[in-house]
Each structure stands twice: as structure tokens, then as C-alpha cells.
Amino acid sequence: MRGDVVIAGIGHTAFGKLPGRSPTSMNVEAVRNALADARVEKEAVDAVFVKYPTSGHVPMYGQVVAEALGVQPRIGGVWDQGGATNISMLSFAAMAIAHGQCDVAVVTTADNPRTGTRQAYERAWGDDAVFGWFGTPAGYAMIARRHMEEFGTTHEHLGEIAVAARRHGAANPDAQLRSAITLEDFARSRPVVDPFCRDDCCLISDGAAAIVVMSKERARQLGVPAPVPVLGFGQGQTSWEVAQRPTLTETAAAVSARTAFAMAGVRPEDVDVAQLYDCFTITVLMTLEDYGFCTKGQGGPFVAGGTLQLGGGLPVNTSGGLLSETGMPGMQLVLEGVRQMRGTSANQVAGARTCVVSNQGGIMHTHSTLVLGQE
Amino acid sequence: MLPRPEVTPLTEPYWSGLAAGELRFQRCHACGNAWLPARDQCPRCLSGSRTWEVASGGGRIISWVVYRQAVHEAFAERVPYNVAIVELDEGPRLITNVDAPEEDLAIELPVRLRIDEDDGVFLPRFTLAGRR
Ligand SMILES: [Zn+2]
């Protein structure tokens with residue numbers, strides 16, 4: 001089914017502080033914008049896939065969003081794989097479309113941890129709270145420390161990832177954080193939980209983003225102006241909490257990418273631009289290794305010298321990613337992948353024909369990979 | 001006040017063991033697998049037949065972090081403080097604190113169990129077993 005399904009439209013809300021906006025209201029706005037971008041009427045939609053909001057659990061939330069959209073879905077619902085959810089739901093929608101289970105799907109995510117509660121990101125890890133073990137950043141810091149000691153990765157290597165994201169975000173008018181930084185700025189950033197400082201950590205943001213998915217054939221019939229073909233997708237998961245994980249420095253990204261690259265028929269050297277989940281700087285570095293852009297442990301030397309910046313060997317997170325565009329967990333990376341394939345990014349990579357996108361959830365518990373191409 | 005562990009029938013032997021000066025872990029009768037934290041079934045063979053054993057107290061550092069700012073008010077006066085993953089010589093892993101200057105910490109360093117009473121809770125903490 002390589003290339004048989006397309007992303008027909010993309011849409012999003014403003015990113016940042018959106019006081020008074022509910023996730024449901026933001027989902028509707030993002031879907032409305034994605035349908036307008038696809039030039040498809042709402043009446044064509046018969047599947048609604050929704051990422052759960054971290055700011056508050058609502059039972060049967062997929063139905064709540066479908067009602068707000070005025071849609072009676074044939075198939076849909078809410079998935080919980082953290083940030084990996086977006087591409088996972090897109091994959092499921094693509095398979096459902098390929099097998100006649102639905103015709104036109106919307107995949108949408110909205111959350112308001114900035115003005116609502118960010119408790120999901122600061123929670124105690126069960127009884128281990130008694131040791132002071134709290135929060136998502138520390139889980140990633142534990143992995144980063146192991147990587148640094150095992151392979152000689154330095155904090156400056158991690159800085160390369162933040163510098164690239166911030167440079168790209170500065171040129172993106174929709175980005176929440178529009179200030180480029182240098183490696184020196186990065187080194188002076190406020191310590192949070194060693195080895196991480198503030199600039200290693202993503203933003204916390206309100207906002208929504210959505211896509212419209214359908215078959216290539218349906219997109220032709222409906223006159224969709226700029227469909228982007230889905231060449232491949234894959235997923236991978238680990239079941240262990242960080243402390244129980246046999247190896248801290250290898251992730252489910254490897255199996256996810258293997259599945260997606262095989263489906264797409266591409267190799268890392270075919271990839272022109274990548275949108276890699278950057279909740280923390282270390283995530284990008286390890287994803288590059290696990291995807292095969294370099295060997296395990298060589299992520300540091302690979303990113304050194306501006307490789308990830310526009311004009312470098314592999315431009316990454318060209319809209320600014322979670323570190324600069326918005327802290328939204330992942331869908332904005334899919335949107336930027338679509339823009340790169342359309343040639344409409346604020347940081348367009350000249351001649352880019354293949355884009356890989358990674359989504360990831362928990363403390364590297366879940367991973368999903370998307371390969372996009374051109375018509 | 002430190003956040004209190006939630007003692008359940010499943011975890012009660014763990015916490016009462018610490019109060020008695022022992023760090024206990026679970027071992028499977030069926031396959032010999034050893035683990036923490038407490039579970040009803042062995043995560044390797046799924047047997048429910050298990051027992052508690054006492055750890056020898058030796059282990060090594062898998063990784064660690066240092067909190068520069070507190071996430072919870074109970075730790076506001078304690079920053080900077082470290083949290084480490086330690087693997088016991090018998091195999092189980094746990095979250096803990098290592099009582100050592102942060103410049104002395106490194107992965108794979110051998111550590112030794114020291115049970116501390118802290119704010120009314122008995123906790124399995126570690127010290128460095130040998131100098132670097
Ligand atoms: Zn067993």
C-alpha cells in the first residue's frame with residue numbers, strides 16, 4: 001500500500017498560551033482548518049481519530065470530539081501511546097482506508113497543559129517519589145546520562161540539536177519561541193535536572209493540529225490540491241519503566257524505523273529532511289542512531305558542526321520542533337513533513353523528495369515512524 | 001514531609017523488611033527470575049508462585065541524575081540531590097539515592113546498601129563501595 005494513501009490536508013490552531021480554550025474547541029478549529037486546506041467538505045468525513053488530552057481524562061473522548069464536529073464516524077476513537085499516538089492513529093487510519101473500513105479520516109490532537117494542568121509531566125513515579133523521583137525530564141535525563149558515559153556524548157552535542165531547532169523556529173512565523181540561540185547560550189541555560197538544562201527541554205504549550213487522510217484515488221476524485229503520499233509507517237514499543245529497561249541507550253525507534261523504511265522502500269541515505277520528536281535533545285540524538293543515520297553511540301559526532309541545520313547534511317525539525325515551534329506532542333512534526341513535501345515550509349529544504357517523521361511517547365516507551373514522499 | 005509510599009498487601013513485606021533492616025526482593029519458584037518492584041506474577045514465566053529473599057546489599061550504578069530544582073515541595077530544601085538506578089547483585093533494579101558527592105558518581109560503580117530512616121520512612125539507599 002506504499003503511496004496508496006495520502007495526507008490531503010493539514011490544519012492547526014495558534015500555539016502557546018490559549019486561556020479559556022478547551023481541547024474540544026481546539027480540535028474542532030484544527031479539523032476545520034485541515035478540511036479547508038484539503039478543500040474537502042465535512043460531510044465526506046467518516047472516521048475520527050483523536051489523541052487523548054493529558055490535561056484531563058474524558059471517557060469516550062473520541063465521541064465527544066465527533067459530536068462537536070457533527071460527524072457520525074464509521075470508525076475511530078482515542079488512542080493512548082503518548083506522543084507516538086499521532087502517527088500510530090494515522091497508520092491505523094491508512095490501513096482502515098485500504099481495507100474499506102472508512103473513506104475519509106481526520107486525525108486530530110489538542111491539549112492545554114500550559115493554561116490547564118501540566119500535572120501529567122510532573123507526576124511522581126509511584127512509591128519512588130519518596131526518593132525524589134518525579135517528572136518526565138528526569139526520566140530522559142537518566143537515559144541521557146547513560147548515553148554520555150557509555151559513548152562519550154557531550155552536553156555540547158545535545159546543544160547542537162537545540163541550536164538547530166531554535167534557528168528553524170526563529171524563521172517560522174507560527175512558532176511559539178522565535179529566538180535563535182548559540183552553543184554558548186545553550187551552555188549558560190538554567191540547570192533543571194542534570195545533565196539537562198532548560199534549553200534541553202521542550203516547551204509546554206496549548207494548541208491543536210489535525211490532518212485529513214484518504215486514498216490517493218479519493219483525493220483525485222475530490223480535487224484535493226496538494227496531497228502528500230504516505231510511503232511507509234511503523235511502530236515499536238517497550239514495556240519497561242526506565243529503571244527496569246535492560247538497555248537504556250537503545251529504543252523502540254529501531255524496530256519502528258525498520259518497519260517503516262521497508263514499507264517505503266527507502267534507506268536513511270535517501271532521506272532529505274527529517275522531523276524527529278524532540279521532547280528533549282537526547283531523543284533526537286538517539287533516534288538518529290536507531291534510524292540508522294549513524295551507528296549506535298555516534299550520534300554526538302554526527303550532529304556536531306551544524307549537520308541538523310538548514311544547509312547541513314540532514315536538516316531536522318525545520319519548523320522548530322517541540323523545542324521551538326510548540327511543545328505539542330508530535331502532530332506539528334507531521335504537518336511540517338507535509339509542508340516540506342509540498343515545498344511550502346518556512347525553512348524549505350531545496351529539492352527535498354523524502355521526509356521521515358518520528359513520534360514518541362512516555363519515556364521512550366512508544367515510537368512511531370512515518371515516511372512521506374511526493375506525487 | 002516526604003511523600004509516603006502506599007503500602008499494600010503486595011508491598012507490605014518490602015516495607016516491613018526495610019524497617020527490620022533488610023532489603024527484600026521477589027524470586028520466582030518456577031523459573032528463578034528475581035525482580036523489584038513487587039508483582040503478583042513473575043514477568044518472565046507468569047507463574048504466581050514466588051517468595052521474598054533478602055538482598056546481599058551489593059550493586060552497581062546504571063545511571064543517575066541530579067535535580068537542580070525541586071518538583072515537589074518536600075525536596076525544596078534538598079536540592080541539589082541525586083536519584084540513581086541501581087542494579088542489585090541478584091539482578092533486580094531499583095530507584096534510589098546514592099550518598100556521595102556528585103563528582104564521584106559514574107555508571108557501573110559498585111555500591112553498598114545502607115538503610116536510612118528518613119522522615120519516619122525506612123529507605124534503601126547506597127554508598128560507594130570503592131573509591132574511583
Ligand atoms: Zn518465573
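The values are calculated or read from the model by the stated rules, or taken from the named source; none is laboratory data. Fair warning: this is a prediction, and the values are worked out from it, not measured in the lab. Please note: Cβ atoms are built from the backbone with ideal geometry, for glycine as well, and neighbour counts cover all protein chains shown. Protein only, heavy atoms only, side chains kept; ligands, DNA and RNA dropped before computing areas. Shrake-Rupley method; radii C 1.70, N 1.55, O 1.52, S 1.80 Å.
Assign unit charges at the C-beta atoms only (+1 for Lys and Arg, -1 for Asp and Glu), then state the dipole size of the protein assembly as shown relative to its Cα centre in Debye, rounded to the nearest 20.
820 debye
Under 5 Å between amide hydrogens, which residues at least 5 positions from A:Ile7 or on another chain qualify, with H placed 1.01 Å from N in the peptide plane?
Residues meeting the amide H criterion: A:Val228, A:Val230.
What net charge do the residues around A:Thr354 carry, taking every other residue with its C-beta under 15 Å from that of A:Thr354, with Lys and Arg at +1 and Asp and Glu at -1?
Local charge sum for A:Thr354: 0.
Once every DSSP H run of n ≥ 4 in chain B is given -39500 (n - 2.57) and the sum is divided by its residues, what mean residue ellipticity at 222 nm do you get, rounded to the nearest 500 deg cm²/dmol?
So the helix-based figure for chain B works out to -1500 deg cm²/dmol.
Quick one: work out the % antiparallel among DSSP beta bridges in chain A, nearest 5.
70 percent
Taking chain A as a Gaussian network, where each spring joins two C-alpha atoms under 10 Å apart, which residue of A:Cys355, A:Cys197, A:Cys279 fluctuates the most?
Of A:Cys355, A:Cys197, A:Cys279, the most mobile in the Gaussian network model is A:Cys197.
What net charge is computed for the residues neighbouring A:Thr115, neighbours being all others with C-beta under 11 Å from the C-beta of A:Thr115, Lys and Arg scored +1, Asp and Glu -1?
Result for the local shell: +2.
Placing +1 on the Cβ of each Lys and Arg and -1 on the Cβ of each Asp and Glu in the protein assembly as shown, which of A:Asn86, B:Ile85, A:Ala129 has its Cα farthest towards the positive end of the resulting dipole?
Selected residue: A:Asn86.
Could you sort A:His365, A:His57 by accessible area so the largest value comes first, with the probe set to 1.4 Å?
Solvent-accessible surface, decreasing: A:His57, A:His365.
Over the range B:10-132, what is the percentage of antiparallel beta bridges among all DSSP beta bridges, to the nearest 5?
Close to 95 percent.
Scan the range A:317-375 for trypsin sites (Lys or Arg not before Pro) in coil per DSSP, keeping those whose Cβ has at most 15 other Cβ atoms within 10 Å, and list them by number.
Loop-located and lightly packed - A:Arg353.
Given the options A:Val64, A:Leu372, B:Phe75, identify the residue whose Cα lies farthest towards the positive end of the charge dipole of the protein assembly as shown (+1 on Cβ of Lys, Arg; -1 on Cβ of Asp, Glu).
Ranked along the dipole, the leading option is A:Leu372.
Sequence neighbours fewer than 8 away in the same chain don't count; with that in mind, list the lysines whose C-alpha is under 21 Å from A:Lys51.
Filter leaves A:Lys17, A:Lys42.
What order do B:Trp35, B:Trp15 take when sorted by accessible area (1.4 Å probe), most exposed first?
Reading off the accessible areas and sorting them downward yields B:Trp15, B:Trp35.
List the trypsin sites (Lys or Arg not before Pro) within the range A:152-209 that fall in a DSSP loop (any state other than H, G, I, E or B) and whose Cβ has at most 14 other Cβ atoms within 10 Å.
none
Scan chain A and note any complete DSSP helix (H) whose C-alpha atoms cover at least 20 Å along its axis and whose Kyte-Doolittle average is 1.0 or more.
Long hydrophobic helices here: none detected.
Whenever you get a sec, line up A:Lys216, A:Lys51 from highest to lowest accessible area (probe 1.4 Å, protein heavy atoms).
Ranked list, largest accessible area first: A:Lys216, A:Lys51.
Of B:Cys45, A:Leu158, A:Val104, whose Cα points farthest to the positive end of the dipole of the protein assembly as shown (charges on the beta-carbon: +1 Lys, Arg; -1 Asp, Glu; origin at the Cα centre)?
With unit charges placed on the Cβ atoms, the residue in question is A:Val104.
Would you check the accessible area of A:Asp290, probe 1.4 Å, heavy atoms only, in square angstrom rounded to 10?
It works out to around 20 Å².
How big is the dipole moment of the range B:12-128 about its Cα centre under a simple scheme where the beta carbon of each Lys and Arg is +1, that of each Asp and Glu is -1, and everything else is neutral? Debye, nearest 20, please.
My answer is approximately 520 debye.
What spacing in nm lies between the two simple spin-label points modelled at A:Gln72 and B:Arg114, each 7 Å away from Cα in the Cβ direction?
With each label placed 7 Å out from Cα toward Cβ, I get 7.0 nm.
Taking K and R as +1 and D and E as -1, what net charge do the other residues with C-beta under 13 Å from the C-beta of A:Gly373 add up to?
0
Please check: in the Gaussian network model of chain A (C-alpha springs, under 10 Å), which one of A:Arg258, A:Arg220, A:Arg145 has the largest mean-square fluctuation.
It is A:Arg220.
Note down the nm distance, to one decimal, between modelled labels 7 Å out along Cα→Cβ at B:Leu10 and at B:Gln69.
Each label point is offset 7 Å from its Cα along the Cβ direction, giving 3.4 nm.
Gaussian network model of chain A, Cα springs within a sub-10 Å range: biggest mean-square fluctuation belongs to which of A:Asp200, A:Asp128, A:Asp174?
Greatest mean-square fluctuation among the candidates belongs to A:Asp128.
Over the whole of B:107-113, what's the average partner chain Cβ count within 10 Å per residue? Rounded to a whole number, please.
1
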